[in-house]
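**Student:** The structure under discussion is supplied below as structure tokens; questions concerning it will follow.
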């Protein structure tokens, strides 16, 4: 279990805090790395020391991000052979149809809207963690 | 011819006043009659058998006593009847079917007017005579003197007997016309 | 009195017809009279000469045998002919042979010499020689009165009037009927002139052969200076203008060919040219008939529409960006408020008394209501903005799905529902689904306090229209407020009684209106409500 890590791409410190809280409330103790904008998220995979970093089992990607927005991050991940198969779940506030469609079209593995109700949010994170960190087999590289 | 006119002239000279007018009248009378004589021919149709050919002349015969003398010759000299010239013949007597188309009945001792008329009856001859002494001895056309003018009577029945047709134009000038039995002119 | 030029064309034509007819009839009458007079004189001369010849024939014998009395007799019967006023027979030497004078008339001339046959004033003198073979034996003179010309004209005048007047009366209606045909080209011309579109005819060489008033206005040039000049001269693009009529000769017509007319004062008129060949009765091409439609105003309007559409698109994009922001940015703080309230309640439970805990709970309820409100407002705005499909939609199946969802959301509730058969409409599936979600959701919600809740979805059909309805036996409403039902943010119940924000029915109405249908609600307090909507079938 510990081998599996999470990359949380989230610019809002409140959401970051709440997400981490939700994870911990669900007893998900996997390592979580936070990228606070799109550039940082890409750097995690592609900068000079990227090879020294663990490959995350799941990327939780917000869409409204400074510098490079979430959808563009997704596009670039899918465009690079190294990250083309990287599991990515969009975790965002909006459920604009356009975002959902574009997200899937760009190769998102899932699309989850953050509920306003924290209880529901905790439940969502629980299911998400259970699925991607336990049930799902990530692609071997 | 000269001889025959002489007695009348002598008679005229004999009785003065009357003689003058009478002599004048007589000369005038026969000059008129001479003109009439041939002009009758203008209004009469002869049968075609009366002429030998279309160019044969019309023979104007004076039988017996000739009262016209050379006046007649002068009058007819340049005249024609329907394209035919006129030849004056003076005869003592006539036979049946004489070579005459117009025949003036003068009469003589040898052949009286009655005899002449009787001889040519039935022949295509237009007989002309002075007023008859005897009513039975009439020619087809008979001269009469009326109102001191020369007039004539026509016996159309006699004309019919001789096979002649007399124009109504002529008939209308006649004093009296004895109509032919058929009650027609032609 | 009106001048002749001011008279209407029909009156002019009638006058012209009547005038020419009258002149023609009068001329014909004069010719007939003249001819009649000539014929009359010829006839008279012939008659009198014939009579003279008859007399002459009769006179032959009278003259030959110098019988004036018979001649006189022949003349007397002339009394029977009143026309003959005198007659005479002369001998060749000219002396009078016989004579006749009608009582009251002058005697015939005493001498027959130097007489000639002739007409003189109202009388005719006939002279006929009396021939015997080649020989002339006399002359016949006849004098006859002739009818005076004026008397004949006056006699004929009546006949002419009798002929002329009916002829004119006959001419008049014929003329009237023919005038329409005669006036037609004039009428056609007036139509051409009345056209507000510039109309021109162009010869095969491209030379203008005729123009109407509108062309004069569009170019500012006189008819005389336009006719005979090159058609393409009057456009901003002469080459294009030339190509236009060449195209007409090539294919017989052009439609909506855009050109710009240049007025002499520099004003430009955008036109669309429609032109075709025109031919004579033998189908020989005479030229091109071209009609220009001034589209300056249209172009302006189109420009305006383009601008407006642009502005609208910009506004829409802004609105979309706004909604997007709302969707993301408004919800994030709410989530934070809710989340941290929860964290506070959990982590500091021991430091908060029950009052404090209840405040936190109220904070959380408020944030959740606001979250719903944001969602509903976004839905409402999306309903207006989104593209619409037009497809067959099985509303019955959709309703069943919505009921299942409702049941899942509140598994504890027991609601009886009935969905009618054949509930098919044309529209956008996603939007109509939203309608059912809202209406069935409302019914679901407002029957919550009903011990035996019942919801019905069906259709009533009459006169070819179908009206769908959702009926419940819930709390209902007072019809006095019926008109408020569909207004956004209008509520008939307090949020404490029933949750809601008043956007649901507004969304329903907006979707139904976008489909061309209508909505209405019927209700009685305590006895339930029915919401109707129509859709094109």
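**Student:** Being at pLDDT 85 or above, buried (at least 19 other Cβ atoms within 10 Å of the Cβ), closer than 16 Å to residue C:126 by Cα and more than 55 Å from the chain's Cα centre (by Cα) narrows it down to one of C:71, C:88, so name that one.
**Tutor:** C:88
**Student:** Quick check on the range B:151-173: of everything there that is surrounded by 21 or more Cβ atoms within 10 Å (Cβ to Cβ) and within 14 Å of chain C (Cβ to nearest Cβ), which residue is farthest from the chain's Cα centre (by Cα)?
**Tutor:** That would be B:173.
**Student:** Quick one: residue C:59 ticks every box in (1) out of contact with any helix residue (DSSP H, G or I) (no Cβ under 6 Å at 6 or more places or on another chain); (2) modelled with pLDDT under 90 bar one, so which box is it?
**Tutor:** (1)
One line per residue, one yes/no per condition, for (1) within 12 Å of chain C (Cβ to nearest Cβ); (2) without any contact (Cβ under 8 Å) to a residue 12 or more places away in the chain; (3) over 13 Å from the mean Cα position of the chain (by Cα):
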| residue | (1), (2), (3) |
| --- | --- |
| A:60 | no, no, no |
| A:70 | yes, no, no |
| A:89 | no, no, no |
| A:93 | yes, no, yes |
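**Student:** Here's a follow-up. Has the range A:8-28 got any residue that is more than 13 Å from chain C (Cβ to nearest Cβ), touching a strand residue (DSSP E or B) at 6+ places or on another chain (Cβ under 6 Å) and at pLDDT 90 or above?
**Tutor:** So far as the range A:8-28 goes, yes, one or more of its residues are more than 13 Å from chain C (Cβ to nearest Cβ), touching a strand residue (DSSP E or B) at 6+ places or on another chain (Cβ under 6 Å) and at pLDDT 90 or above.
**Student:** OK, next. Could you tell me which numbered condition residue B:86 fails, if it satisfies all but one of (1) more than 17 Å from residue B:123 (Cα to Cα); (2) surrounded by fewer than 21 Cβ atoms within 10 Å (Cβ to Cβ)?
**Tutor:** (2)
**Student:** Residue under question is residue B:181, and the condition is that it be out of contact with any helix residue (DSSP H, G or I) (no Cβ under 7 Å at 6 or more places or on another chain) and either within 14 Å of another protein chain (Cβ to nearest Cβ) or modelled with pLDDT under 85 (or both); does it hold? So that I can check it myself, show each step before the final result.
**Tutor:** Details: out of contact with any helix residue (DSSP H, G or I) (no Cβ under 7 Å at 6 or more places or on another chain): no; either within 14 Å of another protein chain (Cβ to nearest Cβ) or modelled with pLDDT under 85 (or both): yes.
No, not satisfied.
**Student:** Follow-up. Determine, yes or no, whether residue C:304 is within 60 Å of the chain's Cα centre (by Cα), without any contact (Cβ under 8 Å) to a residue 60 or more places away in the chain and in a helix (DSSP H, G or I).
**Tutor:** yes
**Student:** Of the residues A:126, A:113, which single one is closer than 23 Å to residue C:368 by Cα and within 14 Å of chain C (Cβ to nearest Cβ)? If you could, list the steps in order and put the result at the bottom.
**Tutor:** Values: A:126 fails: within 14 Å of chain C (Cβ to nearest Cβ).
A:113 is the lone residue from the list that is closer than 23 Å to residue C:368 by Cα and within 14 Å of chain C (Cβ to nearest Cβ).
**Student:** Out of the residues in the range A:49-86 meeting the condition of being at pLDDT below 90 and not in a loop (DSSP other than H, G, I, E, B), tell me which one is surrounded by the most Cβ atoms within 10 Å (Cβ to Cβ).
**Tutor:** A:50
**Student:** Count, please, the residues in the range C:338-367 that happen to be surrounded by 19 or more Cβ atoms within 10 Å (Cβ to Cβ) and in contact (Cβ under 8 Å) with a residue 24 or more places away in the chain.
**Tutor:** 4
**Student:** Moving on to the next point. Exactly one of these conditions fails for residue B:131: (1) outside any strand (DSSP E or B); (2) modelled with pLDDT of 85 or more. Give me its number.
**Tutor:** Evaluating residue B:131 over (1) outside any strand (DSSP E or B); (2) modelled with pLDDT of 85 or more leaves (2) as the failure.
**Student:** Anything in the range C:296-351 that is within 7 Å of another protein chain (Cβ to nearest Cβ) and at pLDDT below 85? List them, or say none. Spell out how you get there, then give the answer.
**Tutor:** Within the range C:296-351, the first condition is being within 7 Å of another protein chain (Cβ to nearest Cβ), and the residues that meet it are C:324, C:327-328, C:331-332, C:334-336, C:338-339, C:342-343.
Across the range C:296-351, the qualifying residues are C:324, C:327, C:328, C:331, C:332.
**Student:** Can I ask one more? Do we have any residue at all in the range B:75-83 that's away from chain C (no Cβ under 14 Å) and surrounded by fewer than 18 Cβ atoms within 10 Å (Cβ to Cβ)?
**Tutor:** Filtering the range B:75-83 for residues away from chain C (no Cβ under 14 Å) gives none.
No, the conditions are met nowhere in the range B:75-83.
**Student:** I'd like the full set of residues that are within 30 Å of residue B:81 (Cβ to Cβ) and more than 14 Å from chain B (Cβ to nearest Cβ), limited to the range C:137-158. Spell out how you get there, then give the answer.
**Tutor:** Looking only at the range C:137-158, we keep the residues that are within 30 Å of residue B:81 (Cβ to Cβ), and these are C:137-142.
Correct list: C:139, C:140, C:141, C:142.
**Student:** Further, regarding this structure: Scan the range B:85-108 and tell me whether some residue there is free of Cβ contacts under 8 Å to residues at least 12 places away in the same chain and either within 14 Å of the chain's Cα centre (by Cα) or assigned to a strand (DSSP E or B) (or both). Let's see the steps before the verdict.
**Tutor:** As a first pass, look at the range B:85-108 and keep what is free of Cβ contacts under 8 Å to residues at least 12 places away in the same chain: none.
No, the range B:85-108 has no match at all.
**Student:** Which one of C:171, C:146 is in contact (Cβ under 8 Å) with a residue 12 or more places away in the chain, surrounded by 13 or more Cβ atoms within 10 Å (Cβ to Cβ), touching a strand residue (DSSP E or B) at 6+ places or on another chain (Cβ under 7 Å) and over 30 Å from residue B:79 (Cβ atoms)? Walk me through how you get there before you give the answer.
**Tutor:** On the way: C:171 fails: touching a strand residue (DSSP E or B) at 6+ places or on another chain (Cβ under 7 Å).
From the options C:171, C:146, the qualifying one is C:146.
**Student:** Among the residues of the range C:118-133, write down those that are closer than 30 Å to residue B:83 by Cα and in contact with a strand residue (DSSP E or B) (Cβ under 8 Å, 6 or more places away or on another chain). Give the derivation first.
**Tutor:** Within the range C:118-133, the first condition is being closer than 30 Å to residue B:83 by Cα, and the residues that meet it are C:126-133.
Correct list: C:126, C:127, C:128, C:129, C:130, C:131, C:133.
**Student:** Let me ask something additional. Only one of A:104, A:111, A:131 is outside any helix (DSSP H, G or I) and surrounded by fewer than 22 Cβ atoms within 10 Å (Cβ to Cβ). Can you tell me which? Don't jump to the end; show me each part of the working.
**Tutor:** Values: A:104 fails: outside any helix (DSSP H, G or I); A:131 fails: outside any helix (DSSP H, G or I).
Answer to the check: A:111.
**Student:** Just need a number here: residues in the range C:363-390 that are outside any helix (DSSP H, G or I) and either facing chain A (nearest Cβ under 10 Å) or over 24 Å from residue C:426 (Cβ atoms) (or both). Explain how you work it out, then say what you get.
**Tutor:** Applying the first criterion (outside any helix (DSSP H, G or I)) to the range C:363-390 yields C:386-390.
Next cut, either facing chain A (nearest Cβ under 10 Å) or over 24 Å from residue C:426 (Cβ atoms) (or both) only: C:386.
Summing the residues that are outside any helix (DSSP H, G or I) and either facing chain A (nearest Cβ under 10 Å) or over 24 Å from residue C:426 (Cβ atoms) (or both) in the range C:363-390 gives 1.
Yes/no matrix, rows are residues, columns are (1) assigned to a strand (DSSP E or B); (2) at pLDDT 85 or above:
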residue: C:215; (1), (2): no, yes
residue: C:245; (1), (2): no, no
residue: C:256; (1), (2): yes, yes
residue: C:260; (1), (2): yes, yes
residue: C:271; (1), (2): yes, yes
residue: C:274; (1), (2): yes, yes
residue: C:288; (1), (2): yes, yes
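Each row is one residue, and each column tells you yes or no for (1) within 30 Å of residue C:168 (Cβ to Cβ); (2) within 14 Å of chain B (Cβ to nearest Cβ); (3) in a loop (DSSP other than H, G, I, E, B).
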{"site": "C:30", "(1), (2), (3)": "yes, no, no"}
{"site": "C:33", "(1), (2), (3)": "yes, no, no"}
{"site": "C:38", "(1), (2), (3)": "yes, no, no"}
{"site": "C:51", "(1), (2), (3)": "no, no, no"}
{"site": "C:57", "(1), (2), (3)": "no, yes, no"}
{"site": "C:77", "(1), (2), (3)": "no, yes, no"}
{"site": "C:98", "(1), (2), (3)": "no, yes, no"}
{"site": "C:116", "(1), (2), (3)": "no, no, yes"}
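**Student:** Count, please, the residues in the range B:42-60 that happen to be away from chain C (no Cβ under 14 Å) and either in contact (Cβ under 8 Å) with a residue 60 or more places away in the chain or assigned to a helix (DSSP H, G or I) (or both).
**Tutor:** Restricting attention to the range B:42-60, the residues satisfying the condition of being away from chain C (no Cβ under 14 Å) are B:45-57, B:59-60.
If we keep only those that are either in contact (Cβ under 8 Å) with a residue 60 or more places away in the chain or assigned to a helix (DSSP H, G or I) (or both) too, we end up with B:45-50.
Number of matching residues: 6.
The values are calculated or read from the model by the stated rules, or taken from the named source; none is laboratory data. Since the structure is predicted, the reported quantities are computational estimates derived from the model, not experimental observations. All Cβ positions, glycine included, derive from the backbone under ideal geometry; neighbour counts span all protein chains shown.
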